[in-house]
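Okay, here's the structure, questions in a sec.
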């Protein structure tokens, strides 16, 4: 690389990734093939529009790339042609914005999981477009840290939302999409399933699928799906939306129009190709095994941490993440995050249900196992990880050398 300043920074970051344990559940490690697609000459093309309907010439290859990505997305999630697939959304937030744009009118009521109880910014948080342009009525968790579907139903019956969002970013239990669908049907609302965190688990059969139940499904591609940063939007070709002029349009067509020209111009073609590569990898037996290993590791880590005296929200996990309430240790989430980073363990501070502290310095940390499983770690290695967490957070010990030693046992591919 001629730009030595950037080359040096990339080398430093690569070294950091190789020598640290990444426990952030929304991060992962991509393959060399995904990296190659991201750095390909496809980055040079401009491709406003959709396959066979572009506004620029020279897009024959790009059309094939996008169609291949769509085809693979259906195969990964075991879907038929009745599902439309949009692969152009530049991020998960953009995908959710497109869903709002396609299904709702400004001012319509939306119900999503409260940000401070494990939801996402785009599920109706005060600082986000989803609250500024729509009426947000958030639901929460019960005192045990679980979704209470009876309470969600009561809220939906009272508030009459136009759309209900079933999605999580810091909820360690199974999301029951079937129950959400029943609530949405009774409320005559659209059901949007945001599986940004769960997509890889759904693909591997390690978490129930939302597709039999949802009207629209959005997901990022860079979390448990182990692809580049990007998004997918799945919507029905055979379910219709009535427009203000009385005409009808399929949900899939409405989503496509919302993405382009509604909120975006041209897609990132190198990103689309990298998503296609990741989806190809997600169809392999190795990925299915990987997806189940993520959950096995998370459950093993939860068991060890509980044994060591940590307070786990909801008492454990069913998926890829755990939420630790550190109140009983007398330290904050920010202090825990900083201490762990100094020892080569990367987590993110996070609010816990009914948190009394500020979101900037909350009571908990969120940890997950996608990156650990990607490195090849198994349940037996989670005991060591749990011991590291106890040593740093309870004993205030230095485990940085031991962390690097464990990382060397499981080197990254690049």
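The values are calculated or read from the model by the stated rules, or taken from the named source; none is laboratory data. For clarity, every value in this text was computed on a predicted model and none was experimentally measured. A quick note on method: Cβ atoms are made from the backbone with ideal geometry, for glycine too, and the neighbour counts reach across all protein chains shown.
Give the residue that is surrounded by the most Cβ atoms within 10 Å (Cβ to Cβ), with candidates limited to residues of segment 67-87 that are under 19 Å from the mean Cα position of the chain (by Cα) and in a strand (DSSP E or B).
86
Follow-up question, since we're still on this one. If I filter segment 56-65 for residues that are farther than 21 Å from residue 287 by Cβ, touching a helix residue (DSSP H, G or I) at 6+ places or on another chain (Cβ under 7 Å) and without any contact (Cβ under 8 Å) to a residue 12 or more places away in the chain, do I get at least one hit?
Within segment 56-65, none of the residues are farther than 21 Å from residue 287 by Cβ, touching a helix residue (DSSP H, G or I) at 6+ places or on another chain (Cβ under 7 Å) and without any contact (Cβ under 8 Å) to a residue 12 or more places away in the chain.
While we're on this one: Suppose we filter segment 93-117 for residues that are assigned to a helix (DSSP H, G or I) and either touching a strand residue (DSSP E or B) at 6+ places or on another chain (Cβ under 9 Å) or surrounded by fewer than 22 Cβ atoms within 10 Å (Cβ to Cβ) (or both); how many remain?
Here the count works out to 12.
While we're here: At pLDDT 95 or above, touching a strand residue (DSSP E or B) at 6+ places or on another chain (Cβ under 7 Å) and either in a helix (DSSP H, G or I) or closer than 25 Å to residue 402 by Cα (or both): is that true of residue 17 in this structure?
no
Taking the condition of being outside any loop (DSSP other than H, G, I, E, B), buried (at least 19 other Cβ atoms within 10 Å of the Cβ) and in contact (Cβ under 8 Å) with a residue 12 or more places away in the chain, how many residues in segment 118-144 meet it?
6
Are any of the residues in segment 43-66 in a loop (DSSP other than H, G, I, E, B) and within 30 Å of residue 389 (Cα to Cα)?
Checked segment 43-66: no residue is in a loop (DSSP other than H, G, I, E, B) and within 30 Å of residue 389 (Cα to Cα).
Checking residue 172 against (1) assigned to a loop (DSSP other than H, G, I, E, B); (2) in contact with a strand residue (DSSP E or B) (Cβ under 9 Å, 6 or more places away or on another chain); (3) within 20 Å of residue 91 (Cα to Cα), which test does it fail?
Checking residue 172 against (1) assigned to a loop (DSSP other than H, G, I, E, B); (2) in contact with a strand residue (DSSP E or B) (Cβ under 9 Å, 6 or more places away or on another chain); (3) within 20 Å of residue 91 (Cα to Cα), the one that fails is (3).
Out of curiosity, is residue 90 surrounded by 15 or more Cβ atoms within 10 Å (Cβ to Cβ) and assigned to a loop (DSSP other than H, G, I, E, B)?
yes
Return the residue satisfying two criteria in turn: it lies in segment 145-158 and is touching a residue at least 40 places away in the same chain (Cβ under 8 Å) and touching a helix residue (DSSP H, G or I) at 6+ places or on another chain (Cβ under 8 Å), and of such residues it is farthest from residue 369 (Cα to Cα).
Checked segment 145-158; the qualifying residue farthest from residue 369 (Cα to Cα) is 156.
Which of the residues that make up segment 327-349 are outside any loop (DSSP other than H, G, I, E, B) and farther than 26 Å from residue 226 by Cβ?
327, 328, 329, 333, 334, 335, 336, 338, 339, 342, listed by residue number.
Moving to a separate point now. Please name all residue pairs, on different chains or six or more residues apart, with Cβ atoms under 8 Å, provided the first residue is in segment 233-245 and is assigned by TED's automatic domain parsing to the domain that holds residue 74 and touching a residue at least 24 places away in the same chain (Cβ under 8 Å) and the second residue is assigned to a loop (DSSP other than H, G, I, E, B) and surrounded by 14 or more Cβ atoms within 10 Å (Cβ to Cβ).
Every condition considered, the pairs that remain are 233/89; 234/77; 234/79; 234/211; 235/215; 236/215; 239/215.
Could you check, for segment 389-404, whether at least one of its residues is closer than 22 Å to residue 168 by Cβ, surrounded by 15 or more Cβ atoms within 10 Å (Cβ to Cβ) and in contact with a helix residue (DSSP H, G or I) (Cβ under 6 Å, 6 or more places away or on another chain)?
The answer is no; no qualifying residue exists.
Being in contact with a helix residue (DSSP H, G or I) (Cβ under 6 Å, 6 or more places away or on another chain), farther than 23 Å from residue 25 by Cβ and in contact (Cβ under 8 Å) with a residue 24 or more places away in the chain: is that true of residue 166 here?
no
Pull out all pairs, ordered by first then second residue, where Cβ-Cβ is under 9 Å, the residues are six or more apart or on different chains, the first lies in segment 1-22 and is within 28 Å of residue 373 (Cβ to Cβ), and the second is loosely packed, with under 11 Cβ neighbours inside 10 Å.
10/1; 18/408; 18/411; 19/408
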